[in-house]
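In what follows, a single structure is set out as structure tokens and then discussed.
Readers should treat all values here as calculations from the given coordinates under stated rules, not as data from a laboratory. These numbers come from a predicted model, not from an experiment. In this analysis, Cβ positions are derived from the backbone assuming ideal geometry, glycine residues included, and neighbour counts consider all displayed protein chains.
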Amino acid sequence: MKVTKIICAGFGGQGVMSMGRLIAYTGMLEGQEVSWLPSYGPEMRGGTANCSVIVSDHPIGSPVISRDANAAIVMNLPSMRKFESELVDGGLLVVNKSLIEADPDRTGLTVLDVAANEIAAELGNAKAANMVMLGAFVGSTGLFSLESVVEALKKVFGPKKAAFLELNRNALYRGSEMAGHPVS
């Protein structure tokens with residue numbers, strides 16, 4: 001049985017929920033069982049936001065992740081401090097080094113540092129930092145193909161946001177390169 005438990009966390013407005021929804025939708029496109037559980041702080045923009053995503057080849061009994069996450073994608077320092085303890089030993093911590101200058105307090109993790117904001121700015125839109133982070137996660141884990149994530153992008157964002165598809169695709173691929181998996 002293969003189960004992957006992922007936490008996506010950051011401030012509201014950083015695209016954390018979009019990342020989680022894309023992971024869940026990509027899992028569905030690839031025939032997996034998925035759950036997506038959002039959690040918001042009391043503020044809308046600028047407050048804390050996180051979501052838990054589970055992708056499994058078997059039915060999922062509970063969407064709650066409790067100290068057994070395989071991966072966490074963290075966009076800011078408070079999120080890293082809060083969720084690094086939720087990872088299993090050897091779990092993957094994808095860190096937005098653009099906003100997090102500190103190292104994790106916890107040892108025994110696989111840490112992937114990504115300068116997501118700088119990469120997104122190079123691509124022409126700082127709001128694509130979440131897609132850079134998602135690309136780094138996918139490139140590092142191989143959970144999905146990047147092509148499947150792009151297909152999910154088309155479905156989740158629809159024709160309304162078609163103008164941003166190429167930017168988001170490029171951000172995903174650049175993030176994958178940061179994980180050491182260049183895409184030709």
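Observations on the structure shown:
- Remark: spin-label model distance residue 101-residue 166 equals 3.7 nm, labels positioned 7 Å along the Cα→Cβ axis.
- Fraction of antiparallel bridges per DSSP, the chain only, in percent to nearest 5: 55
- The packing ranking, built from the mean of other Cβ atoms within 10 Å per residue, places the peptides 163-175, 126-138 in the order 126-138, 163-175, highest first.
- Taking each of 127/155; 82/160; 2/127; 127/160; 82/127 in turn, the alpha-carbon distance tops 26 angstrom for 82/160; 2/127.
- Positive-end residue, the range 100-184 charge dipole about Cα centroid, Cβ charges, pick of 175, 158, 115: 158
- Cβ-placed point charges (K, R +1; D, E -1), dipole of the chain about Cα centre in debye, nearest 20: 540
- Ranking of 55, 16, 150 by count of other Cβ atoms within 10 Å, fewest first: 150, 55, 16
- Per-residue [θ]222 nm for the chain (sum of -39500 (n - 2.57) over DSSP H runs n ≥ 4, rounded to 500): -11500 deg cm²/dmol
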